[in-house]
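Handing you a structure now.
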Amino acid sequence: MEGQKLIQATCPDCRGPLSEVQNGGLRQYRCLVGHMYSPRSLLEAHSETQENALWAAIVALEEAVNLVRAVAPQIPAELAQRLQEQAAVKLRQAAEVRRIVEQLEPFRLE
């Protein structure tokens, strides 16, 4: 390998730092763990990671709403009311993120 340069991005698989590795005329990207990508496969994997992260955010927000609904009957009414108001905000946020995911476009590589 001729050279290695750290780039400001993380590995789509493990989130470790990525380095650009030049080996002759071939340029690849590798993380500390050893995941290796061509430029094309890196962009494809990164697009998939973006979508997965956004879906995880939606699930987390919606789960918070479900948790509030589950515990509200077991806590003082005033606290339950505050939590339900916060849950309504989280439900709106989940809907906003869902709209973003529905419009998300992967990198066009062709």
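For the chain, find the longest principal axis of its Cα atoms and tell me its angle to the long axis of helix 39-71, 0 to 90°, nearest 10.
10 degrees
Sticking with this one: Mean 1/r over all different Cα pairs, inverted: what Kirkwood radius does segment 33-84 give, in Å?
Taking the inverse mean of 1/r over all distinct Cα pairs, segment 33-84 comes out at 14.0 Å.
At what distance in nm do the modelled label points of Gln103 and Ala53 sit from each other, each positioned 7 Å from its Cα along Cα→Cβ?
Using points 7 Å along Cα→Cβ, the separation is 1.9 nm.
Pairs of alpha-carbon atoms within less than 8 angstrom and 6+ residues apart define the contacts here; what relative contact order does the chain have, in percent? Please report the intermediate quantities before stating the final value.
Working: 125 pairs, mean separation 21.6, N = 110.
The value is 20 percent.
Within segment 1-101, report the GluC sites (Glu not before Pro) that DSSP leaves as loop and that have at most 10 other Cβ atoms within 10 Å.
Those satisfying the criteria are Glu2.
Here is a follow-up. Rank Ile100, Ile7 by accessible area, highest first, at a 1.4 Å probe radius?
Of Ile100, Ile7, the descending order of accessible area is Ile100, Ile7.
Give me the accessible area of Ser19, 1.4 Å probe, in Å² rounded to the nearest 10.
Taking all protein chains as shown, Ser19 has close to 20 Å².
So, one more: May I ask you to derive the FRET efficiency for Gln22 and Glu96 from their Cβ-Cβ distance with R0 = 30 Å, giving the value to the nearest 0.05?
0.15
Now for a different question. Working out 0.36 nm times the residue gap between Ala9 and Glu63, then minus their Cα-Cα distance, what length gain in nm do you get to one decimal?
16.5 nm
With angles folded into 0 to 90 degrees, how steeply does helix 77-103 sit against the dominant principal axis of the chain? Use alpha carbons for both and round to 10.
30 degrees
log10 I(q)/I(0), Debye, Cα-only the chain, no solvent, q = 0.10, 0.13, 0.18, 0.20 Å⁻¹?
Debye curve over Cα of the chain, log10 I(q)/I(0) at q = 0.10, 0.13, 0.18, 0.20 Å⁻¹: -0.48, -0.66, -0.88, -0.98.
Normalising by the residue count of segment 50-110, find the relative contact order in percent from Cα pairs under 8 Å and 6+ residues apart.
On the way: 37 pairs, mean separation 29.2, N = 61.
Answer for segment 50-110 is 48 percent.
Shifting gears a bit: What is the Cα centroid distance between segment 48-110 and segment 6-20, reported in whole angstrom?
One Cα centre to the other: 28 Å.
The values are calculated or read from the model by the stated rules, or taken from the named source; none is laboratory data. Computed from a prediction, not measured in an experiment: that's the story for all the values here. Virtual Cβ from ideal backbone geometry, glycine too; neighbours counted across all protein chains shown. For accessibility, only protein heavy atoms count, side chains too; no ligands or nucleic acids. Shrake-Rupley method; radii C 1.70, N 1.55, O 1.52, S 1.80 Å.
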